[in-house]
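None of the figures in this text is laboratory data; all of them are computed from the coordinates on show. This structure is a prediction, so every number in the text was calculated from the model and none was measured. Quick reminder, even Gly has a Cβ in these numbers, built from the backbone with ideal geometry, and neighbours come from all protein chains shown.
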Amino acid sequence: MDRGENPIAHAIDVNTPSVARMYDWYLGGTDNFASDRKACQELLEIAPSTAALARNNRLFLQRVVRVLARDYGVRQFLDHGSGLPTQNNVHQVAQAVDRSSRVVYIDNDPIVLAHGRTLLDENDETAFIQAEMTDTEGIFNHPDVDGFIDFAQPVAALFVSVLHCLPDSEQPGRVVREVADRLAPGSFMVICQLVSDDAATRQAATDFMLRVTGNKWGRVREKSEVRDYFEGMELLQPYLVEVSTWRPDSEVAPRQRTFEWEEYGGVARLS
């Protein structure tokens with residue numbers, strides 16, 4: 001497969017916090033800068049559960065991929081807004097079930113692409129592309145996707161902790177529908193995003209993230225808005241939940257303990 005030219009289209013801005021790098025810091029990673037760490041510390045003052053939320057969200061992603069690969073036979077994954085590579089990435093979890101599983105990681109952050117290129121050299125069943133997750137047409141027609149993923153067969157489309165990065169003007173619900181409409185019956189949509197039942201928390205966290213990212217963010221939403229993403233789809237049990245409670249590995253698995261905000265979502269099958 002032709003990997004194309006250097007995917008890094010522009011210089012990395014180390015002074016403006018990046019959502020991907022902030023998430024990396026919360027997960028204990030080292031691919032972040034002082035601006036990211038400062039923003040993370042400030043966000044913890046607004047929402048103290050954020051670090052635990054990030055870790056539980058990562059565990060949710062790993063459980064979902066393992067369940068879809070092992071119990072539903074999914075062998076193809078599109079990871080929208082994948083973020084920085086860390087331990088137990090989507091391809092590692094899926095390929096532990098079946099080595100032939102294919103994964104396309106999609107992100108617009110140049111540092112994500114820089115690290116993703118290493119994976120390309122190590123794993124022929126993995127591709128990284130630089131794209132906006134809103135560009136469904138461009139993603140599906142990308143030379144590293146078209147032909148690499150067989151869209152006549154089931155695919156799991158992952159939107160894990162990314163739709164809150166999209167402002168309402170970019171219509172995250174429309175993005176979900178456009179992807180779902182292109183997938184074969186028997187495919188799956190995996191969606192979760194930051195929500196809060198408290199209007200003050202929603203506003204404070206949204207205002208903070210918009211300020212520190214230079215308006216490269218969306219907003220904290222309400223649970224009803226996440227439910228709308230799944231309209232017309234067949235939700236798998238336990239349906240829509242705070243993600244640390246989605247099919248936990250054991251009764252003692254990590255759970256979120258405070259709920260000023262949470263990752264809320266689930267998994268649906270397309271008919």
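Using the Karplus equation 6.51 cos²θ - 1.76 cosθ + 1.60 (θ = phi - 60°), what ³J(HN,Hα) coupling, rounded to whole Hz, does each residue of region 155-170 give in order, writing x for Gly and Pro?
With the stated coefficients, region 155-170 comes to 9, 9, 9, 9, 10, 9, 6, 10, 5, 5, 7, 9, x, 4, 5, 8 Hz.
If I build a Gaussian network model for the chain, linking alpha-carbon pairs within less than 10 angstrom, which residue out of S82, S169, S224 has the largest mean-square fluctuation?
So, out of S82, S169, S224, the one fluctuating most is S169.
Once you wrap a convex hull around the alpha carbon atoms of region 19-269, what is its projected area averaged over all directions, in nm²?
Values: hull surface 49.6 nm².
Averaged projected hull area, Cα only: 12.4 nm².
In nm, to one decimal, how far is the modelled label at T213 from the one at N141, with both set 7 Å along Cα→Cβ?
2.7 nm
Over all directions, what mean area does the Cα convex hull of region 48-141 project, stated in square nanometres?
On the way: hull surface 26.7 nm².
Across all orientations, region 48-141 yields a mean hull projection of 6.7 nm².
Determine which residues of region 137-173 fall in the zone a paramagnetic label at Y72 would reach in this model, i.e. backbone nitrogen under 15 Å from the point 7 Å along Cα→Cβ.
Hits in region 137-173 for Y72 at 15 Å: 153-160.
Using amide H atoms built 1.01 Å from N in the peptide plane, name the residues 5+ places from A156, or on other chains, whose amide H lies under 5 Å from its own.
Q76, F77, L78, F188
So if each residue of separation counts as 0.36 nm, and I subtract the Cα-Cα distance between S271 and R55, what length gain in nm does that give?
Values: separation 216, 0.36 × 216 = 77.76 nm, distance 3.17 nm.
That works out to 74.6 nm of additional length.
Report the Cα centroid-to-centroid distance between region 61-124 and region 168-199 in angstrom, as an integer.
Here the answer is 19 Å between Cα centres.
Residue by residue, what Karplus-based ³J(HN,Hα) values in Hz, rounded to whole numbers, does region 224-238 have, using 6.51, -1.76 and 1.60 with θ = phi - 60° and x for Gly and Pro?
Those phi angles translate into 4, 5, 5, 4, 5, 4, 9, 4, x, 9, 8, 6, 7, 5, x Hz.
Within the chain, which DSSP H helices have Cα atoms that stretch 18 Å or more along the helix axis and a mean Kyte-Doolittle hydropathy of at least -0.5? Mind showing how you got there, number by number?
Working: long enough: 34-46 (19 Å, -0.38); 50-72 (31 Å, -0.03); 110-122 (19 Å, 0.35); 199-212 (20 Å, 0.18).
Helices passing the filter in the chain: 34-46, 50-72, 110-122, 199-212.
What list of ³J(HN,Hα) couplings, whole Hz, do you get for region 193-198 from phi and the Karplus terms 6.51, -1.76, 1.60, once you set θ to phi - 60° and write x for glycine and proline?
Running phi through 6.51 cos²θ - 1.76 cosθ + 1.60 with θ = phi - 60° gives 8, 6, 9, 8, 7, 9 Hz.
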